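No lab work stands behind these numbers, since they all come straight from the coordinates. Note that the coordinates shown come from a computational prediction; the quantities given were computed from them, not determined experimentally. Counting neighbours? That spans all protein chains shown, and the Cβs are built from the backbone with ideal geometry, glycine included.
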There are 4 protein chains.
Amino acid sequence: MRMSDSYDTATLAARMTEYVPHALALGLKLVAVGQGRGTMTVAWREDLVGDPDTGVIASGVVTALIDHTCGLAINAAFDLPAPIATLDLRIDYLRAAAPRTGVTCEAFGYKTTRSIGFVRAEAWDVDRGDLIATAQAAFMINPRS
Amino acid sequence: MRMSDSYDTATLAARMTEYVPHALALGLKLVAVGQGRGTMTVAWREDLVGDPDTGVIASGVVTALIDHTCGLAINAAFDLPAPIATLDLRIDYLRAAAPRTGVTCEAFGYKTTRSIGFVRAEAWDVDRGDLIATAQAAFMINPRS
Amino acid sequence: MRMSDSYDTATLAARMTEYVPHALALGLKLVAVGQGRGTMTVAWREDLVGDPDTGVIASGVVTALIDHTCGLAINAAFDLPAPIATLDLRIDYLRAAAPRTGVTCEAFGYKTTRSIGFVRAEAWDVDRGDLIATAQAAFMINPRS
Amino acid sequence: MRMSDSYDTATLAARMTEYVPHALALGLKLVAVGQGRGTMTVAWREDLVGDPDTGVIASGVVTALIDHTCGLAINAAFDLPAPIATLDLRIDYLRAAAPRTGVTCEAFGYKTTRSIGFVRAEAWDVDRGDLIATAQAAFMINPRS
């Protein structure tokens, strides 16, 4: 994700959902946020399906959720929201999600330097202990371009 | 992406766009397909925006486009469509896309083994020579679960 | 790493260190192994330095240690050693190691399917809580070629 | 790799090989360098083997070669050598190298910003067209810590 700083006064929850048109369109919801951590979820919907034979949610939706939740976790590591942008993101898909089931993602920002934030994330459908995807990402903090 | 094989007789173009609900919802379009290669595009739309201050398309949309185009390229490496699923995907974001501008992605499947397909992709907004993102991915071919 | 199965009867510890010429040459040592987990270490040596101005160990040595420890963790997930090979490996470097200091890595195989093992790793120099690198990897299990 | 700037006056070739103890120890050689591009090679040696059953070179050696060649390509994008450090590196291993055979890597720095350099690399054993590994990496330029 890429986030500017002109809406600093909004709550972090609102900034991650209502203010971002694509997050609104996908129906991303904030579940929890803490120091350097965040959890977001997306409910299953017909138009989010990737495989019409099975009704499984698209990997692109899972990726968008993970990217967004990683941005939330990086933001949650700072007192004031900083402009950030995804620098690189790697996602491993462990298995397909269950048919007609939403996905939840928890991300953890485990290190920030002056210019880079490092974050890990896990996504699951039904059971927090039975993951569908994991991710490792680096975000630019205060990107100039 | 994850694709089953029950709709083998559809044209590859139709399978990548009309048959996949989330591809339809995002408005992904197939531009070109060749031996182990494919190009897809997404037009700018208000509900695909990631940063409301700038009108730049969301990185999650770019990622979904890249994932989908990589799947197209892997499929285009075979005579018959095979069931495939993204195993892992890494994306580097070089810069923000131009405001209110769509994105195009070209992917190239450069190696397939019995079980894995390897693919690279590039995405740009206006100029093919001025990229916004690059990706390297591995797909499972004939995944069982 | 890539490991065949002809030396099945060796202890896992010996297989990861004494039997692999490059592991021996780098001086990799096994610290601990458990169910799906492993820890290995490399001591600082003059010929492992990457930056002669600072005496910091080379990132290539850190990468080799991480790759090897990930293979150990995948092996430790099975009762019998399986032939394995690194499929892909992503490493994030958080900071330089301390000068003239060795590195330790712990890896955790968090998911195995019939053909793929997924693993995460962390590396540090002095303090387990102050990482120098993190990694996320996928290994082929029983690769044929 | 991580490279300081105190030996600015050395030729780039010497800086990448003779001045770096671990590059010297592995026997890395510079083959060619051009604008934003570089090629390096490592000859097969008994102590670089990863699988003693087959005599195949260790993936850790391939990774070190790729990391180093990526650093060369980033350096070759500038008029004066800049301090650089690997930020993250992803490597896909397509197949095992041939037994008792060295490896060559070519890297291409395709984009640099003020703080980040993006690079891709390919590695092969015998035939430039039959790759053993591909990589995509981001380097910090002028890292402070």
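Within the range C:98-119, which residues are under 15 Å from A:Gln136 (Cα atoms) and out of contact with any helix residue (DSSP H, G or I) (no Cβ under 8 Å at 6 or more places or on another chain)? Result: C:Tyr110, C:Phe118.
Could you tell me how many of the residues in the range A:53-75 are more than 7 Å from chain B (Cβ to nearest Cβ), of a type in the set (S, T, N, Q) and out of contact with any helix residue (DSSP H, G or I) (no Cβ under 7 Å at 6 or more places or on another chain)? Result for the range A:53-75: 1. Taken over the range D:98-135, residues that are of a type outside the set (A, V, I, L, M) and under 11 Å from the mean Cα position of the chain (by Cα) amount to 6.
Go through the residues of the range D:121-136 one by one and say whether even a single one is without any contact (Cβ under 8 Å) to a residue 60 or more places away in the chain, of a type outside the set (S, T, N, Q) and facing chain C (nearest Cβ under 9 Å). No; the residues of the range D:121-136 include none that is without any contact (Cβ under 8 Å) to a residue 60 or more places away in the chain, of a type outside the set (S, T, N, Q) and facing chain C (nearest Cβ under 9 Å).
Across the range A:95-119, the qualifying residues are those that are within 14 Å of chain B (Cβ to nearest Cβ) and among the charged types (D, E, K, R), and the one among them that is farthest from B:Asp53 (Cα to Cα) is A:Arg95. Selection of the range D:58-77 for residues being of a type outside the set (Ser, Thr, Tyr) and without any contact (Cβ under 8 Å) to a residue 60 or more places away in the chain yields D:Ala58, D:Gly60, D:Val61, D:Ala64, D:Leu65, D:Ala73, D:Ala77. Condition check for C:Asp92 on (1) touching a Phe, Trp or Tyr at 6+ places or on another chain (Cβ under 7 Å); (2) more than 7 Å from chain D (Cβ to nearest Cβ): one failure, at (2).
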